[in-house]
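Report on one structure; see the data block that follows.
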Amino acid sequence: MRAEYGLYGGAVTTYIPKGFLDGSLLREVPDTQEVYVNGRQPNEQYDDGLGTEESIVIDLLEQVDEADLGMALRTHVAEIMTFNGSNSQDREFAREAPVGDHGKACLVVEKNLILCVGLVRWAEVDTDVLITINVPVKEANDSKQSVELPSTAEAAYQLLLRMMRELKLVDRSFFDSAMAREMRRYQVIIITNNFQLFKNEQDHLKDPVRRF
């Protein structure tokens with residue numbers, strides 16, 4: 001599997017699992033966002049426990065005014081869910097854990113979707129890096145934590161932790177540019193079902209798309 005991949009023109013690097021497609025080749029993606037969709041086929045063999053429908057979204061967001069990383073993470077999640085019309089009563093947080101000195105990870109469990117969400121704060125560039133892995137669930141999780149999470153959710157959570165640990169800021173000048181500062185003022189909200197939009201377009205392509 002690929003150990004490291006350059007994001008945002010090489011300004012940032014992290015781990016991207018093999019078999020994922022660069023979403024920008026399928027659909028327009030904002031400059032402050034990176035999207036990767038699972039392009040694996042059911043007959044292909046991988047040993048990381050992921051399925052075939054996960055998607056990864058990486059956002060560069062303006063740092064929120066929350067010193068506590070756990071509260072900052074919940075603030076970002078609330079904005080994401082509000083944008084998507086999600087009911088907070090159907091949402092539950094699980095597996096909250098620190099990652100290094102400047103990161104926080106958690107699972108967000110809803111009826112038909114599990115989000116593995118991680119926040120890495122780069123205070124030196126006033127940026128919160130938000131990594132979200134969308135794990136669609138075929139059957140409703142009515143009792144949430146009282147039931148065992150699907151194995152793909154656990155695999156996605158472990159992937160999230162690895163991506164957070166291996167996330168590196170390579171070129172700070174990207175964040176110093178006027179364009180980057182301007183774009184970060186408008187936080188890019190993740191559309192939690194965007195994996196299906198990308199998958200639909202991917203399925204209509206005759207030729208293989210760039211995979212890792």
- Query: Which condition number in (1) surrounded by fewer than 17 Cβ atoms within 10 Å (Cβ to Cβ); (2) in contact with a His (Cβ under 9 Å, 6 or more places away or on another chain) is the one that Leu69 fails?
  - Reply: (1)
- Query: Restricting the search to the range 33-45, which residues are surrounded by 14 or more Cβ atoms within 10 Å (Cβ to Cβ) and either farther than 23 Å from Leu169 by Cα or in contact with a Phe, Trp or Tyr (Cβ under 8 Å, 6 or more places away or on another chain) (or both)?
  - Reply: Glu34, Val35, Tyr36, Val37, Asn38, Gly39, Arg40
- Task: Output the residue which, of all residues in the range 46-61 that are assigned to a loop (DSSP other than H, G, I, E, B) and surrounded by 21 or more Cβ atoms within 10 Å (Cβ to Cβ), is farthest from the chain's Cα centre (by Cα).
- Result: Leu50
- Query: Is the range 20-29 home to any residue that is more than 13 Å from the chain's Cα centre (by Cα) and at positive phi?
  - Reply: no
- Query: Looking at (1) surrounded by fewer than 17 Cβ atoms within 10 Å (Cβ to Cβ); (2) touching a strand residue (DSSP E or B) at 6+ places or on another chain (Cβ under 7 Å), can you tell me which one Val29 breaks?
  - Reply: (1)
- Task: Can you tell me which residue within the range 109-128, out of those that are closer than 16 Å to Met164 by Cβ and touching a Lys or Arg at 6+ places or on another chain (Cβ under 6 Å), is surrounded by the most Cβ atoms within 10 Å (Cβ to Cβ)?
- Result: Leu119
- Message: I need every pair where a residue in the range 114-125 that is more than 30 Å from Pro150 (Cβ to Cβ) has its Cβ under 9 Å from the Cβ of a residue that is small (Gly, Ala, Ser), sequence separation at least 6 or different chains.
- Response: Val125/Ala180
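Throughout, read-outs are computed from the coordinates displayed, never taken from laboratory work. Remember, it's a predicted structure, so these values are computed and weren't measured experimentally. Reconstructed Cβ throughout: ideal geometry from the backbone, glycine too, with neighbour counts over all protein chains shown.
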